[in-house]
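Written below as C-alpha cells is the structure these notes are about.
Read-outs throughout are calculated quantities, based only on the coordinates presented, and are distinct from any laboratory measurement. Computed from a prediction, not measured in an experiment: that's the story for all the values here. A quick note on method: Cβ atoms are made from the backbone with ideal geometry, for glycine too, and the neighbour counts reach across all protein chains shown.
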Amino acid sequence: MIDEKVLDEILPVPDIEKLKEETVAQLKSEGFSITNFSSGGIFYTLLMIVLRIRIELINLLRRVLNNMFVAHAEGIWLKLKAADFGKKQKEALKTQGYVTVTRGEGAEAVRIAKGHVFKTIKDVNGEELRFFVLKDTVLQKGAETVGVLVEAEREGSRYNVPPGQITRSLTHLEGGCTVSNGSDWIVREGSDIEDVESLRERTLRSWSELATRPIAEKYQNACEQVPGVLFVKVNDMHPRGQGTVDIIVTGTAGEATEGLLAQVRAEVDKIIGNYDDVLVKSSTTIEQPVSVTVTIPDTVSDDGIADSVKAAISELLQIRKNRELNELTHADIVHAVKSKVASVRNVKVTVPSEDVFLDSDKVIILGEVSVTVERT
C-alpha cells in the first residue's frame, strides 16, 4: 500500500464540512441565485450529495493509483499487472504418489481397482485426507507388496502427508492387506494456489531476466515459476570451483522429487550461460522428534489434550514459505502449543534439548511426537 502521506500529497481527501463551506462561499461570491444554504433544505441536501460523490471519486482514484504499481497492487489488480511482465499465478496441484499395499495372511492375488480410496487416520478435528487409485493394480500371488499410484482428492500442500499417515482403506481389502506410505512416497508434490506476495516477488524480479548473462535472481525466477516449487536458493559464489552455481530447490513437500527437479532443470537449460556449471539439487529434509510436557489445571479434563498438542506442533512444522524451514526453537514450540490449546498453562520442551539451527539447504520436518500431560 502506498504510504498515506504520499497519497495525501498527490490526491488529498478534503473534509466534507470544510469543502461545503468553501463551496457555499464561492457560490455566494459569484451571485448564485439560490441563497438558502440552511441544513435540511433541498439545495443543501443536493449539495452534500454532490460533495460526497466528489470525495468518493477521489478515494476511488487513490485506490486506482495504488494498484497501478506492482509493489502496491492488491488481489486481481496484481494479477493484471503481473501479466504485463509475462507472469501469472501458479495454479494449485494435486499430490500424486505411491501407497504400499502389504499382503496379510491371504495367499491369493489381490486386485485394487482404479478409483479405490485410501485415507489417512482422522486428526484431532475428525478430518481425514482421501486419495484415489489412478489405475488398476494387482498384488500378485506370491508377492508381498505392491506400489499403488494414488492422487489426492483435492489440490493443496496439506496432502503431502508425512510417512505412515495413509493407513486406511475405505473398503475392505482381501487377504488382510495393510496400507502405508513410505518416506519417499510422493512423485508429484501437491501445492496450493500461489499467494499474491510470492507472485509479487517474482514479478518484481522480472527485470533480472533482462540480464545478458544469467545472474542469481534470473536463475531464481526461472526456477520458482515451476508449480510445486516453494522457493529456490541460488549459490553463485563458486561453491564447487570457478564458474559453478548451485541451485537448491525446496518443494511444497520439503525435499523435491526427481520429477520436480527435472522440470526445474529444463527451465535452467533455457537460460544457462555457455560456460556455467550449474547443479540443481533438492534441499534435504531432517526429521526432528519433539517431546513436550504440558501442565493443565486440576479442573480441566485431559481428554484430547495430547492430540491437540500434537496437532499444534504439527501445524507449526508444516512446510510453508513464511516459515524458517531450517530452524526450530523452544520459544516457537511453546507459543504454538499455548496459542492453540487454551487449557495449557505451561509447556516444557525436553526434545530437542536446545534450539535447532541447521544449514540453509536443510528442511526440518516433524518426526515422532511425545506428549506428557501433568496437572497443577
All but one of (1) in contact (Cβ under 8 Å) with a residue 24 or more places away in the chain; (2) over 30 Å from Arg158 (Cβ atoms); (3) acidic (Asp, Glu) hold for Asp15; which doesn't?
-> (1)
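The rows are residues; the columns are (1) free of Cβ contacts under 8 Å to residues at least 40 places away in the same chain; (2) part of a helix (DSSP H, G or I); (3) farther than 30 Å from Ile193 by Cβ.
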| position | (1), (2), (3) |
| --- | --- |
| Ile2 | no, no, no |
| Glu9 | yes, yes, yes |
| Lys20 | yes, yes, yes |
| Gln26 | yes, yes, yes |
| Gly40 | yes, no, yes |
| Leu46 | yes, yes, yes |
| Arg62 | no, yes, no |
| His72 | no, no, no |
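Can you tell me which residues in region 334-355 are in contact (Cβ under 8 Å) with a residue 40 or more places away in the chain and of a type outside the set (A, V, I, L, M)? Show your work before the answer.
Looking only at region 334-355, we keep the residues that are in contact (Cβ under 8 Å) with a residue 40 or more places away in the chain, and these are 337, 341, 343-352.
Within region 334-355, Ser343, Arg345, Asn346, Lys348, Thr350, Pro352 qualify.
Could you grab me the full set of residues in region 112-125 that are in contact (Cβ under 8 Å) with a residue 60 or more places away in the chain and either closer than 30 Å to Val369 by Cβ or surrounded by fewer than 12 Cβ atoms within 10 Å (Cβ to Cβ) (or both)?
Just the residues of region 112-125 that are in contact (Cβ under 8 Å) with a residue 60 or more places away in the chain, to begin with: 112, 118, 123-125.
If the condition is that a residue be in contact (Cβ under 8 Å) with a residue 60 or more places away in the chain and either closer than 30 Å to Val369 by Cβ or surrounded by fewer than 12 Cβ atoms within 10 Å (Cβ to Cβ) (or both), then Phe118, Asp123, Val124, Asn125 are the ones that fit.
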Count of region 300-351 residues which are surrounded by fewer than 16 Cβ atoms within 10 Å (Cβ to Cβ), over 19 Å from Pro162 (Cβ atoms) and hydrophobic (A, V, I, L, M, F, W, C) = 3
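Which fully enclosed strands (runs of 3 or more DSSP E) of region 99-153 have 2 or more residues being aliphatic (A, V, I, L, M)?
Working: elements: 110-112, 117-120, 130-133, 137-139, 145-152.
It comes to 110-112, 137-139, 145-152.
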Taking Arg154 and the conditions (1) closer than 23 Å to Leu230 by Cα; (2) touching a Gly at 6+ places or on another chain (Cβ under 7 Å), which numbered condition does it fall short on, given that it satisfies the others?
-> (2)
Test for Glu197: is it buried (at least 17 other Cβ atoms within 10 Å of the Cβ), out of contact with any Gly (no Cβ under 8 Å at 6 or more places or on another chain) and of a type in the set (Asp, Glu) | no
Residue match in region 82-93 (condition: in a loop (DSSP other than H, G, I, E, B), in contact (Cβ under 8 Å) with a residue 60 or more places away in the chain and exposed (fewer than 14 other Cβ atoms within 10 Å of the Cβ)) | yes
